[in-house]
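Enquirer: So that we are looking at the same thing, I have put the structure below in structure tokens.
The values are calculated or read from the model by the stated rules, or taken from the named source; none is laboratory data. Quick caveat: nothing in here was measured; it's all calculated off a predicted structure. Cβ coordinates were reconstructed from backbone atoms using ideal geometry, including for glycine residues, and neighbour counts include every protein chain displayed. Areas reflect the complete protein model, heavy atoms only, side chains present, ligands, DNA and RNA absent. Shrake-Rupley method; radii C 1.70, N 1.55, O 1.52, S 1.80 Å.
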Amino acid sequence: MKKMARPIPSLKKNIKTVLSYEGPFFIHILTVFSKYVKILTRDFPDASKKIYKIFFELSQNITYYSAEINEVNKDNRTGVGMFRLDEDNNFYFFTTENKVLREHGIILKNRCEYINSLDTKDLRELKREQRILSQGEKLGAHIGLMQAALISNYALIIKIKKIDKKYSMYRLTVTLDKI
Amino acid sequence: MENLVMHTSPETPYFPRVNFNYETGVCEIAGESFMEETYKFYAPLMAWLEEYIAEKKKVILNLKLTYFNTSSSRSILDILDLLREYKESGGEIEVYWFYDSNDPDMEDEVEDFRIESGIDIQLKPFK
């Protein structure tokens, strides 16, 4: 296992689900849920702002990159997946899950492990370098996972589960302090 | 040249408000930016700025984004890079970032933009 520069919080038992959804990740659906994310986390304003950012970053990764697609017509197709917001006394946990090609799952796992091995200073530098190098335009910035890790300050928790020869299920959890 | 004005709405909160003024050179982007196909939204903003700076006029860029996704951040960097090149060729620019002082991450974001773009972005809290 690679060295972890980012801590993993100790989990308590009293975890409850605040909000969850499974289905197509159209932007209009995400917009509606984002309002609930703000409302349901308003008791912890700093964490609420962070969760809002992570919500969109990880959810839009499903929109663009999920291997399972919902297509209404040629102009309306989007990725399918799941998000869940959980909490215990001290933390929020934001989890997304979606289908990926098996080889992409391996790449994502390696990328998360590398991100987790970097401290904040090095991770910010990597993010800056990556954003400058990204081709932009249609390909985005490719720094979403880094951004989530920077906002979180904890290790990204990733699980890859094989579905069949071609696909895996990719689950990512981001942890946030409530205070 | 005409002004460039784009409105946001409750139905499309993922588009920021845009107001680029030809007479004053004040160019404002405000609200939230998390649309799909980011490049399609920002392409006309870049085109307007390219046409405007060809007239060698001063640009005052006011960024008032309370949230932007990482796709949008790439487009914002493209705008900042354009302004840096304009400044290096003798053009006059001022760039301000208005932010919520209660947002724990925005100062770091702007610092990253400063480093990546090489532009002096002045932070101004609006709360």
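Enquirer: Among the residues of the range A:105-126, is there at least one that is closer than 12 Å to A:MET169 by Cβ and either part of a helix (DSSP H, G or I) or more than 14 Å from every other protein chain (Cβ to nearest Cβ) (or both)?
Expert: Checked the range A:105-126: at least one residue is closer than 12 Å to A:MET169 by Cβ and either part of a helix (DSSP H, G or I) or more than 14 Å from every other protein chain (Cβ to nearest Cβ) (or both).
Enquirer: Taking the range B:86-120, which residues are in contact with a helix residue (DSSP H, G or I) (Cβ under 8 Å, 6 or more places away or on another chain) and of a type in the set (Asp, Glu)?
Expert: B:ASP100, B:ASP103, B:ASP105, B:ASP108, B:GLU109, B:ASP112, B:GLU116, B:ASP120
Enquirer: OK, next. Checking A:GLU125 against (1) surrounded by fewer than 16 Cβ atoms within 10 Å (Cβ to Cβ); (2) over 23 Å from B:PHE41 (Cα atoms); (3) more than 18 Å from the chain's Cα centre (by Cα); (4) touching a residue at least 12 places away in the same chain (Cβ under 8 Å), only one condition comes out false. Which one?
Expert: Of the numbered conditions (1) surrounded by fewer than 16 Cβ atoms within 10 Å (Cβ to Cβ); (2) over 23 Å from B:PHE41 (Cα atoms); (3) more than 18 Å from the chain's Cα centre (by Cα); (4) touching a residue at least 12 places away in the same chain (Cβ under 8 Å), the odd one out for A:GLU125 is (4).
Enquirer: B:GLU28: open to solvent by 30 Å² or more (accessible area, probe 1.4 Å) and part of a strand (DSSP E or B), yes or no?
Expert: Yes; evaluated as a whole, the condition is true for this residue.
Enquirer: Here are A:ASP86, A:ASP46: which of them is in contact (Cβ under 8 Å) with a residue 40 or more places away in the chain, within 19 Å of A:LYS178 (Cα to Cα) and assigned to a helix (DSSP H, G or I)?
Expert: A:ASP46
Enquirer: Let me ask you something else. A:THR95 is checked against (1) assigned to a strand (DSSP E or B); (2) under 12 Å from the mean Cα position of the chain (by Cα); (3) within 23 Å of B:ASP108 (Cβ to Cβ) and fails just one. What number does that condition carry?
Expert: Answer for A:THR95: the failing condition is (3).
Enquirer: Please determine, by comparing only the residues of the range B:15-46 that are more than 14 Å from chain A (Cβ to nearest Cβ) and among the small types (Gly, Ala, Ser), which one is farthest from B:ASP108 (Cα to Cα).
Expert: B:GLY25
Enquirer: Something else: Give me the residue from the range A:53-71 that is open to solvent by 20 Å² or more (accessible area, probe 1.4 Å) and among the aromatic types (Phe, Trp, Tyr) and, out of that set, nearest to the other protein chains (Cβ to nearest Cβ).
Expert: If we take residues in the range A:53-71 being open to solvent by 20 Å² or more (accessible area, probe 1.4 Å) and among the aromatic types (Phe, Trp, Tyr), then A:TYR64 is nearest to the other protein chains (Cβ to nearest Cβ).
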